[in-house]
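Have a look at the structure that comes next, please.
The values are calculated or read from the model by the stated rules, or taken from the named source; none is laboratory data. This is a predicted model, so every value here is computed, not measured. Don't worry about glycine lacking a Cβ; one is built from the backbone with ideal geometry, like all the others, and counts go over all protein chains shown. Only protein heavy atoms, including side chains, enter the accessible area calculation; ligands, DNA and RNA are left aside. Shrake-Rupley method; radii C 1.70, N 1.55, O 1.52, S 1.80 Å.
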Amino acid sequence: MNKSRLTDRVATVRAFNRLYTGVIGILDEGPADAEYSLSEARVLFELAQQDQLHVSDLRKRLDLDAGYASRLLARLEGRGLLVRERSGTDARRQLVWLTDEGRAAFADLNDRSTRQIGGLLERFPDEDQRRLLGAMRTITALVDEREQDHTIVLRALRPGDLGWVVHRHGTLYAREYGWDERFEAIVARVVADFAEGRGNPRQAGWIAELGGERVGSVFCMPGSDDRTAKLRLLLLEPAARGRGVGKRLVRECVEFARAHGYAAMELWTVSLLDAARGIYQRAGFELVDEEPTDDFGPTVTSQTWRLEL
């Protein structure tokens with residue numbers, strides 16, 4: 001990365017940090033005369049999630065130094081909010097849990113926090129709230145070092161998915177291969193054809209999700225005759241590559257075509273998409289035609305692949 005680009009990106013991160021810490025200060029710490037410090041509130045929250053917890057586990061969850069954790073728990077214990085006792089199975093370990101007063105204190109804190117966060121979100125219309133929450137999930141997934149949910153889910157289309165498919169095709173292929181707006185227009189026409197065929201039981205589309213975020217798509221659509229289906233718009237976000245998502249999407253599409261009476265399936269791709277071609281080959285598709293094209297930018301070799309069902 002060149003120095004100018006790095007400088008710009010560092011400046012962006014710093015600007016976000018200043019804004020973010022200001023917002024978090026308002027939401028987490030509350031007014032200057034708040035009854036509990038941020039650390040105390042975090043302890044109450046963690047202990048409210050279960051009946052009891054080992055002190056060592058609590059320290060790990062909150063990343064607390066042993067001495068500081070001991071002083072913190074002592075303060076809360078002195079206020080009658082929690083109890084500490086030696087473990088009955090291991091005297092070297094200490095258990096901690098909230099008293100009834102502690103749970104009441106947490107309930108009050110939780111209610112206040114809910115109102116504060118709700119007030120923040122209500123500043124924005126619903127669509128902007130969705131964008132804000134999506135950005136938060138993205139940041140969490142990228143920077144959180146704890147184990148993430150890597151479960152891949154395939155689902156049917158929902159409102160907004162067709163627009164996402166066009167947008168992500170245009171964005172990713174321009175960035176990775178230099179294709180221009182003509183390719184995005186081709187995708188938009190395919191999506192429009194799919195939408196116009198709404199209600200046709202022999203066509204379907206799927207979205208792949210990873211951790212609740214869209215990371216892929218594929219469509220099964222009628223081909224040039226009643227016997228042939230077309231596999232269209234296979235897309236994988238970078239975060240989904242290498243996880244078997246493409247294989248699952250293609251398999252779902254092929255099985256749908258087979259179950260709905262098609263005798264064959266065809267698809268169009270270009271030779272430079274090595275990963276996609278590998279998925280097609282492993283699924284049984286065979287190359288039947290190819291020719292050069294510059295329909296959307298740099299000259300590439302377009303290919304037609306076919307699978308007998």
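For the subset of the range 92-107 comprising residues that are out of contact with any His (no Cβ under 7 Å at 6 or more places or on another chain) and open to solvent by 70 Å² or more (accessible area, probe 1.4 Å), which member is farthest from GLU35 (Cα to Cα)?
ARG92
Then there is this: Return the residues of the range 153-172 that are free of Cβ contacts under 8 Å to residues at least 24 places away in the same chain and closer than 27 Å to ASP274 by Cβ; say none if nothing qualifies.
Correct list: HIS167, GLY170, THR171.
Being out of contact with any Phe, Trp or Tyr (no Cβ under 8 Å at 6 or more places or on another chain) and either of a type in the set (Ser, Thr, Tyr) or not in a helix (DSSP H, G or I) (or both) narrows it down to one of ARG243, ARG248, ARG232, so name that one. Explain how you work it out, then say what you get.
Details: ARG248 fails: either of a type in the set (Ser, Thr, Tyr) or not in a helix (DSSP H, G or I) (or both); ARG232 fails: out of contact with any Phe, Trp or Tyr (no Cβ under 8 Å at 6 or more places or on another chain).
Checking each option against the conditions leaves just ARG243.
One line per residue, one yes/no per condition, for (1) under 22 Å from GLY242 (Cα atoms); (2) among the polar types (S, T, N, Q):
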{"site": "PHE256", "(1), (2)": "no, no"}
{"site": "MET265", "(1), (2)": "no, no"}
{"site": "SER271", "(1), (2)": "yes, yes"}
{"site": "GLY278", "(1), (2)": "yes, no"}
{"site": "ARG282", "(1), (2)": "yes, no"}
{"site": "ASP289", "(1), (2)": "no, no"}
{"site": "THR293", "(1), (2)": "no, yes"}
{"site": "THR299", "(1), (2)": "no, yes"}
{"site": "SER302", "(1), (2)": "no, yes"}
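What's the number of the condition ARG131 fails, among (1) closer than 30 Å to ALA192 by Cβ; (2) modelled with pLDDT of 90 or more?
Single failed check for ARG131: (2).
With the structure loaded, tell me whether ASP128 is among the charged types (D, E, K, R), in a helix (DSSP H, G or I), open to solvent by less than 60 Å² (accessible area, probe 1.4 Å) and free of Cβ contacts under 8 Å to residues at least 60 places away in the same chain or whether it fails that test. Please lay out each step first, then the result.
Working: among the charged types (D, E, K, R): yes; in a helix (DSSP H, G or I): yes; open to solvent by less than 60 Å² (accessible area, probe 1.4 Å): yes; free of Cβ contacts under 8 Å to residues at least 60 places away in the same chain: yes.
Answer is yes for this residue.
What residue, of LEU172, LEU154, LEU162, is surrounded by 11 or more Cβ atoms within 10 Å (Cβ to Cβ) and more than 24 Å from ALA229 (Cβ to Cβ)? So that I can check it myself, show each step before the final result.
Values: LEU154 fails: more than 24 Å from ALA229 (Cβ to Cβ); LEU162 fails: more than 24 Å from ALA229 (Cβ to Cβ).
Just a single option satisfies the conditions, and that option is LEU172.
Can you pull out every residue in the range 251-268 that is in a strand (DSSP E or B) and surrounded by fewer than 21 Cβ atoms within 10 Å (Cβ to Cβ)? Give the derivation first.
Narrowing the range 251-268 to residues in a strand (DSSP E or B): 264-268.
Passing the criteria: ALA264, GLU266, TRP268.
For the condition touching a residue at least 60 places away in the same chain (Cβ under 8 Å), surrounded by fewer than 14 Cβ atoms within 10 Å (Cβ to Cβ) and within 17 Å of ILE279 (Cβ to Cβ), what is the one hit in GLY244, GLY212? Full working, then the answer.
On the way: GLY212 fails: within 17 Å of ILE279 (Cβ to Cβ).
After ruling out the rest, the residue left standing is GLY244.
Could I ask something else about it? Please name all residue pairs, on different chains or six or more residues apart, with Cβ atoms under 8 Å, provided the first residue is in the range 279-298 and is hydroxyl-bearing (Ser, Thr, Tyr) and the second residue is not in a strand (DSSP E or B).
Close Cβ pairs satisfying both conditions: TYR280/VAL250; THR293/THR299.
Just give me the residues in the range 40-79 being part of a helix (DSSP H, G or I), open to solvent by less than 50 Å² (accessible area, probe 1.4 Å) and touching a residue at least 24 places away in the same chain (Cβ under 8 Å), in sequence order.
Listed by number, the residues that qualify are GLU40, ALA41, VAL43, LEU44, LEU47, ALA48, VAL55, SER56, LEU58, LEU72, LEU73, LEU76.
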